[in-house]
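Working notes, beginning with the structure itself.
The values are calculated or read from the model by the stated rules, or taken from the named source; none is laboratory data. The structure displayed is predicted, hence computed values, not measured ones. We place every Cβ from the backbone using ideal geometry, glycine too, and count neighbours over all the protein chains shown. Surface accessibility is based on the protein's heavy atoms, side chains included, excluding ligands, DNA and RNA. Shrake-Rupley method; radii C 1.70, N 1.55, O 1.52, S 1.80 Å.
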Amino acid sequence: MIDLLVAGGGPAGLATAIYGANAGLDVVVVERRRGTLDKACGEGMMPHTVAHLDRLGVAPKGMALRGISYLDGEHRVDATFRTGTGRGVRRTVLHEALLHAAVSAGVRFAPGDIGEVRQDDHSVHAGGLQARYLAAADGLHSPIRTALGLSQPCRDQRRWGIRRHVQIAPWTDRVEVHWAPGSEAYVTPVADDCVGIAVLSSSRGGFDRHLSEFPGLIERIHGHPHGPDRAAGPLRQKARSRTAGRVLLVGDAAGYIDALTGEGMGLAFGGAEALVKCIAAQRPGDYDRQWRTLTRRYRLLTAGLVRAGSVSMIRSRIVPAAQALPAVFAGVVNQLAA
Ligand SMILES: Cc1cc2nc3c(=O)[nH]c(=O)nc-3n(C[C@H](O)[C@H](O)[C@H](O)COP(=O)(O)OP(=O)(O)OC[C@H]3O[C@@H](n4cnc5c(N)ncnc54)[C@H](O)[C@@H]3O)c2cc1C
């Protein structure tokens, strides 16, 4: 019997598979999309996310990120990472690097849809395969989370994200978060000749409509070619628990707050490592508590920032306050970076 079946071959699924294979487990990944996978993503990795990549033996090419800047047209504040550098990496580059590491570690792949999941006391059946455990890494709208009754309704304001790559030499070695009244645009250098711009907003709409809130950015990228836009959302997804018997949720499937603090992949990798440790110790029931502990700081800070940003009077003061208190801003950034 397979030790660990993984549904979804995104960053969470591949990291789980690599950690699993490195722990001596027989691992099979079921992914329904073919080829190199792309996705709406800001593509900025915090220093702790890069540390996970090192542990996974994955070194995708990208641009070093030295910190985070907040800007609103009149104000600007910069914070430098104290615990190393982050990295901006295109999702396609990251996927190929993770895939290569997974194959080298001995992970097997079964292309297709995971389909219905059934389980008993001893095993899980899904995708025509039988395994001791199933890691559901099937993304933000995880069909497995819903089918197992683990999804929880979310009453918070809904937000969406849309990303575009612009062919231009990066003008910064930080992730720039530009704040406007109705949205945030964050700019991440991802290659010598490319920046990604991800716009987050509580209103839906095309990239150009959202970008009209950021005249400084429009001026900066005017006339430069760009790739197709990719969108995702609603971003906030809640799970009542990360486990149901022998099925464990990981990555966005485990629950997601928002892309504003660029933490999704770091949490996916951290969750993957914890999940594998729990399975290897045959203590899957410990995983939910470990996941909550591991993600608590991020969940509190991100939810707090998103909530503050949803009140217009507070929103307009976020960047001026950060500029007035740069040490506090740097402290918060480094809470998220470590
Ligand atoms: C606009 C935006 C900006 C972001 N910016 C950042 C950032 O700067 N930094 C950061 O760290 N994070 C960022 N994130 C978050 C990050 O993109 C996610 O946290 C990350 O992609 C989660 O990986 P995952 O593997 O859980 O999900 P995904 O990458 O969505 O992968 C899920 C996989 O499961 C597969 N799948 C789904 N259903 C099935 C099925 N039934 N059978 C088989 N396969 C299936 C899908 O095809 C997919 O490949 C951002 C997100 C958004 C939306």
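Rundown of residues vs (1) farther than 27 Å from residue 261 by Cα; (2) in contact with a Leu (Cβ under 6 Å, 6 or more places away or on another chain); (3) open to solvent by 10 Å² or more (accessible area, probe 1.4 Å), yes/no style:
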{"position": "5", "(1), (2), (3)": "yes, yes, no"}
{"position": "9", "(1), (2), (3)": "no, no, no"}
{"position": "21", "(1), (2), (3)": "yes, no, yes"}
{"position": "51", "(1), (2), (3)": "no, no, yes"}
{"position": "54", "(1), (2), (3)": "no, no, yes"}
{"position": "60", "(1), (2), (3)": "no, yes, no"}
{"position": "66", "(1), (2), (3)": "no, no, yes"}
{"position": "70", "(1), (2), (3)": "no, no, yes"}
* Asked: From the residues in segment 66-105 that are of a type in the set (S, T, N, Q) and modelled with pLDDT of 95 or more, which one is farthest from residue 327 (Cα to Cα)?
  -> 104
* Does residue 250 fit the bill of being over 18 Å from the mean Cα position of the chain (by Cα), under 17 Å from residue 132 (Cβ atoms) and not basic (Lys, Arg)? -> no
* Asked: Are there any pairs, at least 6 apart or on different chains, whose C-beta atoms fall under 8 Å, with the first in segment 9-27 and aromatic (Phe, Trp, Tyr) and the second open to solvent by 20 Å² or more (accessible area, probe 1.4 Å) and not in a loop (DSSP other than H, G, I, E, B), and if so, which?
  -> 19/273
* Asked: Any idea which residue in segment 144-170 is surrounded by the most Cβ atoms within 10 Å (Cβ to Cβ), counting only those that are farther than 21 Å from residue 91 by Cβ and within 15 Å of the ligand (Cβ to nearest atom)?
  -> 145
* To do: Quickly run through segment 271-284 and pick out the residues that are in a helix (DSSP H, G or I) and either modelled with pLDDT under 95 or among the hydrophobic types (A, V, I, L, M, F, W, C) (or both).
  => 272, 274, 275, 276, 278, 279, 280
* Asked: Got a sec? Which strands (runs of 3 or more DSSP E) wholly within segment 125-234 have at least 2 residues that are without any contact (Cβ under 8 Å) to a residue 24 or more places away in the chain, under 30 Å from residue 113 (Cα atoms) and among the charged types (D, E, K, R)?
  -> none
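Per-residue answers, yes or no, for (1) under 23 Å from residue 268 (Cβ atoms); (2) open to solvent by 20 Å² or more (accessible area, probe 1.4 Å); (3) modelled with pLDDT under 95:
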residue	(1), (2), (3)
197	yes, no, no
203	no, yes, yes
207	no, no, no
214	no, no, no
220	no, yes, no
228	no, yes, no
236	yes, yes, no
* Asked: Only one of these conditions is not met by residue 35: (1) over 19 Å from residue 273 (Cβ atoms); (2) in contact (Cβ under 8 Å) with a residue 60 or more places away in the chain. Which number is it?
  -> (2)
* Given the structure, is residue 218 in contact with a helix residue (DSSP H, G or I) (Cβ under 8 Å, 6 or more places away or on another chain), away from the ligand (no atom under 14 Å from the Cβ) and among the β-branched types (Val, Ile, Thr)? -> yes
* **Residue in segment 241-257 that is surrounded by 17 or more Cβ atoms within 10 Å (Cβ to Cβ) and on the phi > 0 side of the Ramachandran plot present** => yes
* **Selection count where residues are outside any helix (DSSP H, G or I), more than 7 Å from the ligand (Cβ to nearest atom) and in contact with a helix residue (DSSP H, G or I) (Cβ under 7 Å, 6 or more places away or on another chain), scope segment 253-270** => 4
* Asked: Of the residues that sit in segment 292-338 and are among the polar types (S, T, N, Q) and in contact with a Lys or Arg (Cβ under 8 Å, 6 or more places away or on another chain), which one is least open to solvent (accessible area, probe 1.4 Å)?
  -> 334
